[in-house]
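No lab work stands behind these numbers, since they all come straight from the coordinates. These figures come from a predicted structure and were not determined experimentally. Here Cβ is always computed from backbone atoms with ideal geometry, including for glycine, and neighbour counts include all displayed protein chains.
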Amino acid sequence: MAEELIPARQPPAERLDGRMDGLSVDGRPLTRLYLGWQTVSRHHVTDELDAVVMREKGTEREVCWWVDPDGAHQASHVMALPPAQRTRLLDRLARYFGPLTEQTLAATPKAPQESDAQPAPETRELAQRLAALPRFVLLELLTLWTERILEGTLIAPTAEVLAPDRSDDTSGAENHGDGAEQPFSPVRLHALLQLPRPVTDDEAIAASPFTGLPLHAQIVMNMPEGTAARFCDPTDDLVFYLFWPSYGGVPFLYYPKGPLLIGEGPQTSLIAPLLLSWLVTHPEVCDRLPQVSSLRVEDFGVGHAASLWDETEAATPSGDRREASSAQNSNPVHFSSSPHWGEWFKNVAEASAGPHPKEAVEDEGERHEHEKD
């Protein structure tokens, strides 16, 4: 996104350092938490919600409570907000997350023109606040956002994609007997999902699953959960991501325009939020995307380029490559297993919320009993 969208300087959060000034639960002032927990900081997010970060001593585990401007507790996780409040929050987040998702996640943004309208001041301020949030709080918001926009994403387990009966097919499209074809060659997918995690940015090279062209990553994103690389097949501006988890194993393949996600494991439904969180906090990289080429022949040694091509040439459909890759938008991908996003989102709040406010606020009578002991 343009630099004007996220100013370089970001306002500091209000440091609480254990204070609970103005915070309340069920109309009662918050004066005490269970042993080990303390408030750390408070962050203004929208005109309706602030995020209060709490940390557990010893484990350094952090959780977020969502409170109104007066400090009244609303939810212990953004997914647990009342439906009407979640909808209003999403509508406000859409001012920034919407353009970011559309312009960078699934396509290469166009270079800004002088005639382009500048983001509204409130959008710039929102982008600034979101970029300054603690990372886990930003991920909470992005998880809520991706639930709205990616609900129809097809999730295909890696084991099914790499099954022997799929990798033996060298044709450019797979027919399932119902007239629909899979736009990816199983051979190309198999080769793509066997790529090792790049040690350096220069090693982030992959063959396009659409045309077989050797591509250099436009962006390499290093984060605690793993390494992601963004590739773009210039044939039709087809963007896909590979994500190598930090715990090892084969990479995830995410094709936002599908929408399709190939992979399995605890991070499956976090891939899109993780990618967006990196883009939110690296606007300067997004600015350079229109000038970044994915197909740079000088980056490939003759032997390396030849080996990439040899692996994919047999899988490339005959005829015009452009026509073959363009057809992918009209040919849905069919896999027998397609877990729903909702199954994960349904449980995420319970798994991540930390202490419930009614449990975390120590009852005065209970505290006196502890003191007697």
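At a glance:
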| read-out | value |
| --- | --- |
| Point-to-point label distance, Ala80-Asp68, nm (Cα→Cβ direction, 7 Å offset) | 1.8 |
| Extension gain from Ala107 to Glu284, taking 0.36 nm per residue of separation minus the Cα-Cα distance | 62.1 nm |
| Per-residue ³J(HN,Hα) for region 141-155, Karplus 6.51 cos²θ - 1.76 cosθ + 1.60, θ = phi - 60°, Hz, x for Gly and Pro | 5, 6, 5, 4, 5, 5, 4, 6, 8, 10, 4, x, 5, 7, 10 |
| Hz values of 3J(HN,Hα) by residue in region 264-274 - Karplus curve (6.51, -1.76, 1.60), Gly and Pro given as x | 8, x, x, 9, 3, 7, 9, 4, 4, x, 5 |
| Packing-based order for 248-255, 131-138, using average beta carbon neighbours within 10 Å, highest first | 248-255, 131-138 |
| Glu284, Glu160, Glu147 arranged by Cβ crowding within 10 Å, fewest neighbours leading | Glu284, Glu160, Glu147 |
| Simple label model, 7 Å out from Cα along Cβ direction - Ala163 to Thr87, nm | 4.1 |
| Hz values of 3J(HN,Hα) by residue in region 126-133 - Karplus curve (6.51, -1.76, 1.60), Gly and Pro given as x | 4, 4, 5, 5, 5, 5, 8, 5 |
